[in-house]
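*Asks:* One structure, pasted below without further comment.
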Amino acid sequence: KSDKEHLKDNDKILNLLDRRYLNKSDPAIVKHQVQPTMKAAVPQRVEIKGNSSSARKSSMHLVMQVDMTQSPRDSDAVGQFGLAAVVPKDKQEEMLRRWNEGHFNVYLSEQIPVDRAIPDTRPQTCLESLVHDDLPTTSVIFCFVDEVWSTLLRSVHSVLNRSPPHLLKEIILVDDFSSKDYLKDNLDIYMSQFPKVRIIRLKERQGLIRARLAGAAIATGKVLTFLDSHIECNVGWLEPLLERVYTDRRKVACPVIEVISDKDMSYVLVDNFQRGIFKWPLVFGWSTLSEEVIKRDKMKDSDPIRCPVMAGGLFSIDRQYFYELGTYDPGLDVWGGENMEISFKIWMCGGEIEIIPCSRVGHIFRSENPYKFPKNKQKTVERNLARVAEVWLDEYKEQFYGHGYHHLLDKSIDVGNLTDQIQLRQKLKCKSFRWYLENVYPEMDAPLVRAQGLIFNLGARKCLALEKGVLSFDVCDLSKQSQLFNHTWMRHLQQQQSCIGVRERESVVLEPCDITKPNLRWLHKSLILSSDLVDHLIVEHLPKRTCLEAGAQTGCLILSVCDPGSQFQKWQFTHYYTQ
Ligand code: UD2
Ligand code: MN
């Protein structure tokens with residue numbers, strides 16, 4: 001196939017790529033692939049150490065390898081140089097049959113050399129980056145459960161081949177109770193040729209969080225580097241990460257995560273200036289830095305990028321600092337949420353998270369987890385996130401629950417004991433979540449309430465008032481405290497500690513606010529589908545649509561069957577923070 005045809009195919013594949021991690025409005029993947037002719041990064045290190053002329057920097061060296069013209073072991077091999085591999089027609093069936101072993105193209109992965117070359121995707125400006133000669137050593141920790149043989153090997157080889165030996169203390173493989181036989185004796189035998197590789201096996205399934213902790217516990221390097229078990233480290237990936245940790249031990253450094261296509265195993269580079277962010281309810285995503293920020297800070301494409309949250313899988317952290325921070329919350333199960341937890345903890349307790357563009361690692365993003373969850377996946381992740389919200393979000397936890405996790409409160413799910421985590425936060429004297437939002441992630445829109453002010457009734461043409469524990473209507477007056485209410489993220493109609501609620505399906509009552517009580521929640525929206533005007537106040541927990549109404553005669557509040565035509569059921573706050 002000509003290069004042009006290759007690129008065309010690649011476009012098609014990119015459209016199919018799993019975009020789970022990507023924010024729809026700002027897709028993170030670039031539309032092109034590395035040209036097949038581009039110089040490839042070969043496994044052997046050919047480091048050109050250039051001592052800088054200035055005395056102050058004399059203990060540093062350039063990390064960019066300039067000689068990339070060498071050919072790898074087998075330059076004709078399938079997938080060599082990170083190119084898209086093609087499944088022959090007569091192997092299609094086998095390919096499909098084996099897909100579910102890893103939820104990616106397992107067949108192709110097996111055809112590709114375990115030490116293939118991939119394109120060196122570092123920005124040109126990395127040519128000027130220097131790193132210290134006396135960088136700390138690192139222990140690389142891979143934890144895995146039932147990982148595909150070929151990808152696990154390729155991950156390990158990429159670390160062995162592309163890390164300076166004196167900086168790589170060891171590679172720790174933590175087997176999280178895999179069921180596959182090849183991950184037992186065969187793995188031991190294979191890895192025994194590499195003295196730096198250590199394998200530990202957990203006696204029962206712990207999940208990636210506790211598996212990482214088991215790896216960290218036996219690590220001896222000064223820095224811990226966590227990686228997923230289906231990655232390929234690119235040339236010069238390690239030094240820039242260690243350099244950041246070395247300059248400040250409270251910096252946690254993440255490589256740029258590039259994409260190894262799950263369809264054709266090609267290595268695809270991603271756009272520059274991407275950072276990790278979250279949206280409610282604590283959903284991870286990528287977002288590109290705005291042009292203004294890039295201009296304002298005169299950023300080069302090799303400059304570290306501050307990240308409100310990390311993706312989770314790939315990062316270097318000073319080992320001692322990891323323990324000072326109290327590691328991960330060991331109460332988090334299996335998968336999910338731990339990236340939020342460690343990110344909030346790092347920022348709020350004095351550290352920083354950065355993406356280092358001169359460090360690049362490819363990762364196979366899969367559309368499904370290829371392993372089983374001991375309990376239901378959704379429930380596991382929800383529970384993990386609820387633990388994070390309870391410990392770290394302060395008053396903002398209502399936003400988390402309010403954006404779709406009400407049900408967690410209703411069923412009062414067991415998030416487990418949080419005492420240790422809360423005490424840790426106090427002990428470390430961590431800052432508030434409000435501080436985090438203002439200083440680390442100011443672009444995040446996080447109003448504390450949905451709507452605020454007077455609640456005007458269109459039929460009665462008066463405002464709701466709460467005086468001496470009694471609800472009534474009054475001539476609207478913004479200066480009267482008794483007329484000011486909030487519509488909160490928990491959908492409370494709230495004034496100080498009092499909330500308007502419903503008792504026994506028919507009467508409107510005042511109760512102390514309590515986020516676990518469904519009878520205090522009011523949806524505020526129009527009943528006419530085509531319009532998004534905010535008007536009705538609908539009792540959330542009743543099966544029959546019931547609305548709050550200003551009693552036309554009585555002048556007090558009643559509940560009625562919702563009626564789109566009734567003006568007495570239409571309510572307007574003075575100010576809305578969200579639709
Ligand atoms: C992303 C992260 C992943 C983790 C996860 C949220 C990247 C590239 N990946 O999901 O590291 O932060 O978000 O929790 O940022 N594993 C175990 N035991 C388990 C489950 C998983 O050892 O019970 C291993 C698994 O084999 C893999 C690693 O943990 O090596 C991460 O799991 P994943 O690849 O399924 O997660 P991913 O990339 O979807
Ligand atoms: Mn992964």
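Bear in mind these aren't lab numbers, they're just calculated from the coordinates by the rules spelled out. Just so it is clear, the structure is predicted and the values come from calculations on it, not from any experiment. FYI the Cβ positions are ideal-geometry reconstructions off the backbone, even for glycines, and counts take in every protein chain you see.
*Asks:* Can you tell me the order of 541-550, 556-565, 356-365, 102-111 when each peptide is scored by its average per-residue count of other Cβ atoms within 10 angstrom, highest first?
*Replies:* 356-365, 102-111, 541-550, 556-565
*Asks:* Under a Cβ-Cβ limit of 4.7 Å, which cysteines in the chain have nobody to pair with?
*Replies:* Flagged as lacking a Cys partner: 143, 233, 254, 307, 556.
*Asks:* Find out how many positive minus negative residues lie around residue 350, taking Lys and Arg as positive, Asp and Glu as negative, among other residues whose Cβ is under 9 Å from that of residue 350.
*Replies:* +2
*Asks:* Sticking with this one: With a sphere of radius 9 Å drawn around the Cβ of residue 433, what net charge do the other residues whose Cβ falls strictly inside it have (Lys, Arg +1; Asp, Glu -1)?
*Replies:* Local charge sum for residue 433: +1.
*Asks:* Please report, in cubic angstrom per residue, the volume enclosed by the convex hull of the alpha-carbon atoms of the range 83-164.
*Replies:* So the per-residue hull volume is 117 Å³.
*Asks:* From the P(r) of the chain, could you give the percentage of C-alpha pairs in the tail past 48 Å?
*Replies:* The answer is 24 percent, as a whole percent.
*Asks:* To test your reading of the geometry: what angle, between 0 and 90 degrees and rounded to tens, separates the Cα axis of helix 207-218 from the longest principal axis of the chain?
*Replies:* 50 degrees
*Asks:* Another question about this same structure. In 5 Å bins starting at zero, report the fraction of Cα pairs in the range 477-579 per bin as a rounded %.
*Replies:* It works out to 2, 12, 23, 25, 24, 11, 3, 0, in whole percents.
*Asks:* With viscosity set to 1.306 mPa s and temperature to 10 °C, compute the Stokes-Einstein D of the range 330-479, Rh being the Kirkwood radius across alpha carbon pairs; µm²/s, no decimals.
*Replies:* 83 µm²/s
*Asks:* Cross-link list 379/427; 279/525; 251/427; 196/375: which exceed 27 angstrom alpha carbon to alpha carbon?
*Replies:* 379/427; 196/375
*Asks:* If you line up the Cα atoms of the range 244-330 on their principal axes, what length do they span on each, largest first, in Å?
*Replies:* Dimensions of the range 244-330 along the principal axes of its Cα atoms: 38, 36, 30 Å.
*Asks:* Can you tell me how much longer the chain between residue 184 and residue 445 gets when fully stretched, taken as 0.36 nm per residue apart minus their C-alpha distance, in nm with one decimal?
*Replies:* That pair, residue 184 and residue 445, stretches by 89.1 nm at full extension.
*Asks:* Roughly how many debye, to the nearest 20, is the charge dipole of the chain about its Cα centre, given +1 on each Lys and Arg Cβ, -1 on each Asp and Glu Cβ, and no other charges?
*Replies:* Taking the Cα centre of the chain as origin, the dipole is about 520 debye.
*Asks:* A further question follows. Output the Kirkwood hydrodynamic radius of the range 257-382, Cα pairs only, in Å rounded to one decimal.
*Replies:* When all Cα pairs of the range 257-382 are included, the Kirkwood radius is 16.5 Å.
*Asks:* If we count every other residue with Cβ under 9 angstrom of residue 308's Cβ, Lys/Arg +1 and Asp/Glu -1, where does the sum land?
*Replies:* Taking every Cβ under 9 Å from that of residue 308, the sum is +1.
*Asks:* When the Kirkwood hydrodynamic radius is evaluated over all pairs of different C-alpha atoms of the range 352-410, what value in angstrom, to one decimal, is obtained?
*Replies:* 14.5 Å
*Asks:* What aspartates and glutamates sit close enough to residue 480 to cross-link, taking a C-alpha to C-alpha distance under 14 Å and skipping anything fewer than 8 places away on the same chain?
*Replies:* Qualifying aspartates and glutamates at Cα under 14 Å: 467.
*Asks:* Reported to two decimal places, what Rg/Rh ratio describes the range 389-476 when computed on Cα atoms with Rh from the Kirkwood expression?
*Replies:* My calculation of the ratio gives 1.13.
*Asks:* Now a separate question. Mind putting together the pair-distance distribution for the range 157-285? All Cα pairs, 10 Å bins, whole percent per bin, short to long.
*Replies:* Result returned by the calculation: 10, 33, 39, 17, 1.
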